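Accompanying notes for the structure given below.
The values are calculated or read from the model by the stated rules, or taken from the named source; none is laboratory data. Bear in mind the structure is a predicted one, so any value in this text is a computation, not a measurement. Here the Cβ positions follow ideal geometry from the backbone for every residue, glycine too, while neighbour counts run over all protein chains shown. Surface areas here come from the heavy atoms of the whole protein model, side chains and all, with no ligands, DNA or RNA. Shrake-Rupley method; radii C 1.70, N 1.55, O 1.52, S 1.80 Å.
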Amino acid sequence: MRPTRVLLAKPGLDGHDRGIKVVAMALRDAGAEVIYLGLRRTPEEIWRAAVDEDADVVGVSVLSGAHVALIEQLLVERTRVGADIPVVLGGTVPADDADVLRAMGVDAVHAVGSSLPDVVDSVLALGARERTA
């Protein structure tokens, strides 16, 4: 069986990517195949790559405070392209917003301060679920 394939990206104008790079390395160390698109990616770019790369999970990081608006755009684009791929959000996310984001359709929310092993376990579990569905 192939490893979980995770596509990571930074949507919007946020220019801080240290955290997502740490998550990418931890996922690789845990056996995942990671595709990192980099900074300032549009929802269209993210989903085109996710579909082209046959991603099992899409992970995005938002530190700018625009997480609700960006996730809304990302989920609209996911529906438009017909992708049924779980979405994980990491970043600066208040607890109340995490509940809103999950209600919108985000599969997992990992706010700043989440433990790295918990993030990796969550992403890999979603990827395993996706590959057996």
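Observations, loosely collected:
- Among the criteria (1) buried (at least 21 other Cβ atoms within 10 Å of the Cβ); (2) at pLDDT below 95, the one Thr132 does not fulfil is (1).
- Residue selected from region 88-100 under the condition not in a helix (DSSP H, G or I) and not polar (S, T, N, Q), by the criterion most open to solvent (accessible area, probe 1.4 Å): Pro94
- Qualifying residue in region 101-108 (condition: in a helix (DSSP H, G or I), surrounded by fewer than 18 Cβ atoms within 10 Å (Cβ to Cβ) and touching a residue at least 24 places away in the same chain (Cβ under 8 Å)): yes
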